[in-house]
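Notes follow once the structure below has been shown.
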C-alpha cells in the first residue's frame with residue numbers, strides 16, 4: 001500500500017492518506033491520474049475535497065461557476081473529464097439528478113460509484129437510492145457509504161457521534177476499498193453487507209433523538225399519573241365532599257406537586273437499572289452473560305433519564321420560587337378587600353344608610369354602597385365578620401337584618417363587590 005500526500009489549500013493543511021491496492025493520487029506534475037473524483041459541487045463535495053486534499057477532480061455541470069467555491073488547487077471540470085480520471089467516483093448529488101449522468105453511462109462502466117445521498121423522509125421511495133442507482137447503471141459497481149457523515153464533520157474531522165461510517169455493496173472488493181478509505185480518514189467503517197442494507201443506512205440520518213424515545217414516553221406517563229392523582233385528591237375530592245373550589249391551584253400548586261415526584265422517580269429509575277443488572281449477574285454467576293433486551297435498553301437510557309430528572313428538578317425550583325410571590329399577592333388583595341369592606345360599613349352608618357326598612361316610612365331600602373376593584377381581584381373570596389347588630393340594605397328590594405354575629409362571604413366579580421353566602425354564627 002502506497003502512501004500519498006494530499007494537500008489542502010495551503011501547505012499548513014497537508015493531510016496524509018493511504019489508498020488501497022497501490023492506487024496513487026499524485027500531483028499534476030506526477031502521475032496525473034487521481035484516484036477519487038467527485039460528481040457534484042455542493043457543500044458535501046466541498047467538504048470532501050478539503051478532507052481528501054490536493055488534486056481531487058470535481059465534476060460539475062457549470063465548472064466555471066463552481067470553481068469559485070473551491071480552492072484553486074482543486075480541478076473543477078465537466079462530468080466527462082472527472083469520470084475519466086477516476087476509478088472511484090463519489091456521487092454527491094440527489095436522487096433526482098441521477099438522470100443527468102445518463103449521457104456518460106459508458107464512461108461509468110466498471111467504475112465504483114459511491115452513493116452518499118439521503119432522502120427527505122423515512123422510506124420515501126420503495127427502493128433505496130443506491131439500489132435505484134444500480135438499476136440505472138448495471139455495469140457499474142455501486143457502494144452505499146458516507147451518507148451519515150455531515151459536511152461539517154467531514155471538514156472538521158470525526159467526533160464522538162460522527163465516527164461511524166456504514167458501507168454496503170454487492171461487491172466485496174469495492175466494500176473493502178471504501179472501508180480502507182474510511183479508516184484512513186479517521187472514521188470507523190461498519191460493513192453492512194449487501195446493497196439491500198442501503199435502505200436501512202439511508203433512514204439512519206432521518207431518525208431524531210432515537211435514544212430519547214423511551215425516556216420521554218416514561219416521563220410523560222409518570223407526569224400524567226402524578227398530576228391526575230394530585231388533581232383528584234386536592235381538587236375533585238374537596239369539591240365533591242364539601243363543595244370547596246380549589247381549581248385556582250391547578251396552574252401552580254398542583255403542577256408543582258407533580259414535578260418533584262416525577263424527578264424523584266426518574267432518578268430512582270436511573271439507579272434501579274444498575275441494581276437489577278448486578279442482581280442478574282449474581283444470579284447467573286458471571287458478568288459475561290448478556291442482559292435481556294429490556295434491561296439492556298434500560299441501562300442505555302440512564303443518561304437520558306438522569307437529564308430529564310435534572311430538568312424536572314430545575315422546573316420545580318422555579319415553581320417553588322413563584323409560589324411565595326403568588327401567596328403574598330393574594331394576601332395583599334385580601335387585605336385590600338377587608339379594608340374596603342370596613343370603609344364601606346363605616347360610610348353606610350355615617351350617612352344613615354343603616355336605617356332598617358321598619359323605620360323607613362316609605363318602606364323602601366336605601367341603595368347599597370358599591371365598591372369597585374381592579375381586574376386583578378376577579379373572583380376573590382374571603383370572609384368578613386360583623387359582630388354588631390344592624391341592618392344593611394343589599395338591593396332596592398331587600399334589606400339584610402343582622403341580629404347576631406354574622407360572617408359575610410365577599411364575592412368580587414366584574415370589578416364589583418357583593419355580599420353572598422351568609423353564615424350566622426350562634
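Every number in this text was worked out from the coordinates using simple rules, so none of it is lab data. Just so it is clear, the model here is predicted, and its values are computed rather than measured. Positions of Cβ are generated from backbone atoms using ideal geometry, with glycine treated the same way; all protein chains shown enter the neighbour counts.
At a 10 Å Cβ-Cβ cut-off, how would you order 240, 179, 264, fewest neighbours first? Could you put the intermediate results ahead of the total?
Details: 240 10, 179 21, 264 15.
Result, fewest neighbours first: 240, 264, 179.
Please report 102, 212 as a ranked list, fewest other C-beta atoms within 10 angstrom at the top and most at the bottom.
Working: 102 10, 212 16.
So the ranking, lowest neighbour count to highest, is 102, 212.
Fewest first, what order do 307, 48 take by the number of other Cβ atoms within 10 Å?
Numbers: 307 14, 48 23.
Listed from fewest to most nearby Cβ atoms, that is 307, 48.
What ranking, highest mean first, results for peptides 116-126, 242-252 when packing means the other Cβ atoms within 10 Å averaged over each residue?
Numbers: 116-126: 14.0, 242-252: 11.8.
Highest-to-lowest ranking by the protection proxy: 116-126, 242-252.
Which order do peptides 203-211, 61-69, 140-148 fall in by mean Cβ count within 10 Å, highest first? Provide the component values of the computation, followed by the final result.
Working: 203-211: 11.6, 61-69: 13.6, 140-148: 24.3.
The peptides rank, most packed first, as 140-148, 61-69, 203-211.
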